[in-house]
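Some notes on the structure that comes next.
The values are calculated or read from the model by the stated rules, or taken from the named source; none is laboratory data. For clarity, every value in this text was computed on a predicted model and none was experimentally measured. Cβ atoms come from the backbone with ideal geometry, glycine included; neighbour counts cover every protein chain shown. All accessible areas refer to the heavy atoms of the entire protein, side chains included, with ligands and DNA or RNA removed. Shrake-Rupley method; radii C 1.70, N 1.55, O 1.52, S 1.80 Å.
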Amino acid sequence: MRKFLISLVFVFLSGCAMFNQGSKQPEEGPKWTPSFADFKDIPIIDKAKMELQDTFLIGVDENWTGKLSFSAPYSLTQMFDFYREKMPEFGWSEIATLRSQLSVIVYVRYDRVSMIQLKPTMMNNTYVSVIVFPKSNAVKK
């Protein structure tokens, strides 16, 4: 009787182990393109990593306002050149630049202004802030 009970427990545990093995699913994360890379009016470089703690966006498509922040595994010079080359392809016209430890490029497009701030980080990466806001219609006196 004792052998029978041990055999029964063994068969039961073996069945549970087989059931669990069959029900295991691969532990893969969701696969998607980051939505912050889907801007239709601002170029986002490959391998950019969004910095959520410094990002605040309101609106959709080409009517958003706010601050998009990300880090990119490229040097300050590479990122500066990337934006000077790519922003005009998205319809932006450059109106001012400042090249220094904190580089700034300002663009205008229709009724919106974009200010891109580029700051080097350790490890030769660049921290990028793209700030977009409505252009002022203030009347000059």
Check: Hey, among the residues in region 90-141 that are open to solvent by less than 80 Å² (accessible area, probe 1.4 Å) and basic (K, R), which one's nearest to F56 (Cα to Cα)?
Finding: R112
Item checked: Matching residues in region 41-66 - criterion: being part of a strand (DSSP E or B), under 15 Å from S129 (Cα atoms) and open to solvent by 70 Å² or more (accessible area, probe 1.4 Å) -> K49, F56
Notebook entry, point to check: Inside region 67-89, can you point out the residues that are over 18 Å from V132 (Cα atoms), in contact (Cβ under 8 Å) with a residue 24 or more places away in the chain and open to solvent by 70 Å² or more (accessible area, probe 1.4 Å)?
Noted result: Q78
